[in-house]
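Enquirer: Sending over a structure as structure tokens; questions will come in a sec.
Computed from the coordinates by the stated procedures, all read-outs in this text should not be read as laboratory data. What you see is a predicted model; the values in this text were computed from it and never measured. Ideal geometry is used to build each Cβ from the backbone, glycine not excepted, and the neighbour counts take in all protein chains shown.
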């Protein structure tokens, strides 16, 4: 059976089943219990997370994000960060966004407010925006959309991907939030404004807009 039919993947990157996957969640849970079991008896064990082996540490972090346990994650993160690679952190950020957890996203997402740039270049802006918007959390959506409009990310990832995610949300509230963040970046620099306008009306955006008539109308109303 091909891997795309086994959607439940082991979160431990070095494990063969991270690629092979399982047919159902039960199989994955039994696998984790048997091969990657982590003892989390009390907060003291969490405070000693720095002594965990890599696989156990990764499983612990994925488990905490999946459970939405912000307090425990925040407690161990300072001692864990240096042992976790940027790609894994990026995956954790996207998981947190999908759950609509602004607290976890802020904890895991390394953004330099002074320079206005992300410290972790492994974060995939299109996936992050999509998952944040699909979560339905408006505060999180605003936070992510504001950063997605930053020129640093627009160089790395086409801004049209952000616009497509907004349209696919098929939400008037999400569109209104995006429109506000867009307005913040329309001036006073004409070069930035022209760049944004160009990407707003590229083919992938227009093709997506046609599938969501209300969003399409809102999009064209912006530039009337």
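Enquirer: If you take the beta carbon distance between residue 29 and residue 86 as r and set R0 to 30 Å, what does 1/(1 + (r/R0)^6) give as a FRET efficiency, to the nearest 0.05?
Expert: Here the calculated transfer efficiency is 0.60.
Enquirer: Treat the count of other C-beta atoms within 10 Å as a stand-in for reagent exposure and order 79, 12, 163 from fewest to most.
Expert: 79, 12, 163
Enquirer: Now for a separate question. Sort 173, 66 by Cβ crowding within 10 Å, fewest neighbours at the top.
Expert: 173, 66
Enquirer: Hey, another quick one. If R₀ is 30 angstrom, what is the calculated FRET efficiency for the pair residue 114 and residue 8, using the beta carbon separation as r and rounding to 0.05?
Expert: After rounding to 0.05, the efficiency reads 0.15.
Enquirer: If R₀ is 45 angstrom, what is the calculated FRET efficiency for the pair residue 220 and residue 121, using the beta carbon separation as r and rounding to 0.05?
Expert: Computed FRET efficiency for residue 220 and residue 121 comes out at 0.85.
Enquirer: Sticking with this structure for a sec: Listing 169, 135, 82, 141 from the residue with the fewest other Cβ atoms within 10 Å to the one with the most, what is the order?
Expert: Ranking 169, 135, 82, 141 by Cβ neighbours within 10 Å, fewest first, gives 82, 135, 169, 141.
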